[in-house]
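The values are calculated or read from the model by the stated rules, or taken from the named source; none is laboratory data. All values derive from a computational prediction rather than experimental measurement. Using ideal geometry, Cβ is built from the backbone for each residue, glycine included, and neighbour counts are taken over all protein chains shown.
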Amino acid sequence: MDVKPFEDIGLTNAEIKVYLTLLELGSTKVGPIIEKSDLQSSVVHNNLHKLIDKGLISYIKKGKIKHYKATDPSHFFDFIEEKKKNFEKIMPQLLLKQKLAKEVNEAEVYESTKGIMNSLLELIKETKPGDEFLFFSFDAETRNKEVQDFYRKLDPKRKAKKLIVKGIAPSKLRDLYTDRIKKGYMEVKFTSDVLLPNMAICNNKIALITWGQKPVAFLIHSKQLAEKHRAYFNSLWQKLS
């Protein structure tokens, strides 16, 4: 007989031998099972217990002696169904692990001031209250009126989402942030050290921004890169007063 179907549902070779032996012998004591299956006594006893636990054999006591019997082969469908139900119970956890492990790396390019606005809106699109929005400010172009108007529109959107906004900026740009800090839109620390180019980090996304005649934003989806830049930001943040 082809025993592969038994193996496919997780039965060991010893379990298969014991079950098929019982199926042929009918109700019997353990001795004939050992003799016919050609397995050691300890192996037979061990696998009898396993098959009982799986509901594939049963026993009755005649006096003090147990007589074992294979259950109806159709009970295998119940056994398979039970295994299916057990997997259905843990399937949500398995799918969650798969989702968390999946690293999607992609980049999108946004052009023009309006495009940059859209990139930063996309950056905060899937956020929830309490998420962090971290940024580095660098370009002198941030003094441009159009750019400042853009950020004034972004501030209330981040606040409405209840994001924690923290930034690190050059000391020479302190006056650009004073009013926004007072209004509770963000917390900013300043430094005279050279910083990374304009960058925003939120969850697993990074926005790299270049102002100038042709403003461009690169929106990068990468958990690994986001974690590394977040760690750098937090390290620098701790060092600044």
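Checked against the criterion of being out of contact with any Lys or Arg (no Cβ under 6 Å at 6 or more places or on another chain), at positive phi and surrounded by 13 or more Cβ atoms within 10 Å (Cβ to Cβ), the range 26-36 has no qualifying residue. Residue count for the range 57-81 under the criterion of being in contact (Cβ under 8 Å) with a residue 24 or more places away in the chain and in a helix (DSSP H, G or I): the result is 3.
Looking at Ile33, Ile16, just one residue is out of contact with any Asp or Glu (no Cβ under 9 Å at 6 or more places or on another chain) and either assigned by TED's automatic domain parsing to the domain that holds Asn203 or aliphatic (A, V, I, L, M) (or both), and that residue is Ile33. The number of residues in the range 60-90 that are surrounded by 14 or more Cβ atoms within 10 Å (Cβ to Cβ), hydroxyl-bearing (Ser, Thr, Tyr) and modelled with pLDDT under 90 comes to 1. Criterion applied to Lys159, Lys166 was being in contact with a strand residue (DSSP E or B) (Cβ under 9 Å, 6 or more places away or on another chain), at pLDDT 90 or above and over 21 Å from Ile206 (Cβ atoms), and the one residue passing it is Lys159. Candidates are the residues of the range 113-129 that are touching a strand residue (DSSP E or B) at 6+ places or on another chain (Cβ under 9 Å) and β-branched (Val, Ile, Thr); the one that is surrounded by the most Cβ atoms within 10 Å (Cβ to Cβ) is Ile116. Scanning the range 5-45 for residues that are among the β-branched types (Val, Ile, Thr), touching a strand residue (DSSP E or B) at 6+ places or on another chain (Cβ under 9 Å) and in a helix (DSSP H, G or I) yields Val18, Thr21, Val30, Ile33.
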